[in-house]
Amino acid sequence: MGTSRSYAELATELNARFPDGTAPGGVSVDDIIQLRLQNTFDTHLDIARAMAKVMRADMAAYDADPSRFTQSLGCWSGFHAQQMVKSVKRLNGTARGAYVYLSGWMVAGLRNRFGHLPDQSMHEKTAVADLIEEIYVSLRQADEVAINDLFKAMKAARAKGDRAAEREAIAAIDCFETHVVPIIADIDAGFGNEHATYLLAKELIKAGACCIQIENQVSDAKQCGHQDGKVTVPREDFIEKLRAVRLAFEELGVDDGVIVARTDSLGAGLTQKIPVSQRPGDLASEYTKWLKVEPVTLEKPLHEGELGLVLNGELVRPVRLPNGLFAFKDGSGRARVIEDCIAALTEGGVDLLWIETDTPNVDEIAGMVAEIRQVVPNAKLTYNNSPSFNWTLNIRRQVRTEWIAEGRIAADAYPDGALLMSAKLDDDELGREADARLARFQADIAARAGVFHNLITLPTFHLTALATDELSHGYFGPDRMKAYVNRVQREEIRRGISAVKHQHEVGSDLGDTFKEMVAGERALKAGGHANTMNQFAAAE
């Protein structure tokens, strides 16, 4: 990690080395202090170690008070992550409790060399580590730009002889909070066997990931969690991959590394292989018991090439699809989820669970967690507030169903199905109640269902599409420049978004400062009177 020492401590140390206030070559002690403080982390592995401790502290805080859950948005570029963290800091004065989610879906869809791909682990796996690296480069650059601004304020106050303003600027430097926050990194199903999982996990950790999320699907048949055709692996196979991730953390000295075990069993009706049971009640037998089977009889004997099993003392034939996959019993998903989670916690040593659901239903999630907590009382979840859910339809339908059951409304008082999406219901009593539930959804599942971390996987994918569409409609339509000014620039200024000064945002002033450090009055700077960014001084 970079220095966390105060301005005064560094000044004392450096002035002892350089009593005249300059290092060899005429380098100013203040400039050295600034560069040391801008280097908030020496390496991205240091980031992983530090952010793991942050996550552990946040988990402990949540255990003491479930209202202190954490949140993240899925970001598909460093710039998205940087702007998210800046926005949170502007809103709350701190980024504590805000993370970045790195979605495998978005890496596949937007950040690989093979084009736009579905979430099926078809993209090159190095793209995941590359995106983690990019995000942390962007967050560290935000630190550099912000600290440079603080030093400019300090030097300006010093030049004016304003000691109070100088002390205030130094206090702001000492209290500076980094833009670097934890990343929860999606490693899909591990991109191969347990050794491949370990090798990739190491690359993600070295890029800065303190938390790795892995799912119990088959690597070569991996599907998006909200699509059909999902195939799970036996629990002992999954546990071996969990161990692989843990070993990667331990090898790299990330002692507090966090593992999220995701189960897709609620919507997965298939398995690729039948595990070998060594004794009744072991992980293999508990997995196999859920297979859909048919009895083997004299009328329906086993044929050449067919597979038979003895379950509960009876010879049975597992139902097998033409592609060789085996089917689970209908309706067994919920029970398999609970067993998956207990095994991951007790046998796999994971820290957080992820239950992929098909709808956002607090009662459903809370019910499963209650059963898990009968075995592991401290079980905690990460929950996917997925854009794959039609949130408006689902929550309005839940309200409608409850009100009918309570006798509050007649069954025909509101339409069912897609008509519940009608904009006419936005200001109706049902629409307002649904929106109120949306507003408290994350707090509800944090309090009732053990959800420590709430995330949205793909928000910046959808936001980018929506914002680009909105601007394009206006700009290429009748509004022309008015569309850009009204919908973008004027809003940036009024909301205090620093990116309105785009030259400053990418480090133009930072570059000028460094030129001054090494060239003094000879520095050719970009930020002079002719810089058009000066037009936005009022925006500050």
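A short reminder: the numbers here are calculations on the coordinates, not readings from a lab. All figures in this text were calculated on a predicted structure; none of them were measured in a lab. Every residue, glycine as well, gets a Cβ built from its backbone with ideal geometry; the counts of neighbours run over all protein chains shown.
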task: Rank by packing, highest mean first: peptides 313-321, 458-466, with packing defined as the count of other Cβ atoms within 10 Å averaged across residues.
output: 458-466, 313-321
message: Using only the alpha carbons of the stretch 93-170, what is the convex hull's orientation-averaged projected area in square nanometres?
response: 7.3 nm²
- request: Would you mind computing the Rg to Rh ratio of the stretch 121-245 from its alpha-carbon coordinates, Kirkwood style for Rh?
  value: 1.27
- line: In the chain, whole DSSP H helices that both stretch 18 Å or further along their axis by alpha carbon positions and average at least 0.0 on the Kyte-Doolittle scale are 44-64, 126-160, 194-207, 333-346
- request: Would you kindly derive the ³J(HN,Hα) couplings of the stretch 495-506 from the backbone phi angles with the Karplus curve 6.51 cos²θ - 1.76 cosθ + 1.60 (θ = phi - 60°), listing them in order in whole Hz, with x for Gly and Pro?
  value: 8, x, 7, 5, 5, 4, 8, 5, 5, 5, 4, 9
- prompt: Using modelled backbone amide H atoms (1.01 Å from N, in-plane), which distant-in-sequence or interchain residues come within less than 5 Å of Lys289's amide H?
  reply: none
- prompt: Taking other Cβ within 10 Å of each residue's Cβ, how do Tyr383, Tyr7 sort, fewest first?
  reply: Tyr7, Tyr383
- request: Please give the calculated 222 nm ellipticity per residue for the chain, where each DSSP H segment of at least 4 residues contributes -39500 (n - 2.57) and the sum is spread over every residue; nearest 500 deg cm²/dmol?
  value: -15000 deg cm²/dmol
query: Fewest to most neighbouring Cβ within 10 Å: what's the order for Trp403, Trp354?
result: Trp403, Trp354
query: If R0 is 25 Å, what FRET efficiency do you get for Ala447 and Ala405 from their C-beta distance, rounded to 0.05?
result: 0.60
query: By a straight-distance test (C-alpha under 18 Å), which lysines pair with Lys380 as possible cross-link partners, with residues fewer than eight away in the same chain excluded?
result: Lys53
- request: Express in whole angstrom the spacing between the alpha-carbon centres of the stretch 417-441 and the stretch 228-268.
  value: 38 Å
Cα-based Lys pair tally, the stretch 383-540, threshold under 22 Å, eight or more apart or on separate chains: 4
query: Could you give the distance between the Cα centres of the stretch 1-73 and the stretch 307-355, to the whole Å?
result: 47 Å
- request: Sort 201-207, 184-190, 489-495 for me by packing, meaning the mean count of neighbouring Cβ atoms within 10 Å per residue, highest on top.
  value: 184-190, 201-207, 489-495
field: Low-density loop cleavage sites - GluC sites (Glu not before Pro) in the stretch 47-153, where at most 16 other Cβ are within 10 Å (DSSP)
entry: Glu124
query: How big is the Kirkwood radius of the stretch 1-78, worked out from every pair of different alpha carbons and given in Å to one decimal?
result: 15.7 Å
statement: Excluding residues fewer than 8 positions from Lys273 in its own chain, the lysines with Cα under 16 Å of it are Lys222, Lys230, Lys289, Lys292, Lys329
message: What translational diffusion coefficient, to the nearest whole µm²/s, does the chain have by Stokes-Einstein, given a Kirkwood radius computed over alpha-carbon pairs, a temperature of 20 °C and 1.002 mPa s viscosity?
response: 81 µm²/s
statement: Summing +1 per Lys or Arg and -1 per Asp or Glu among the other residues with Cβ less than 12 Å from Asn92's Cβ gives +3
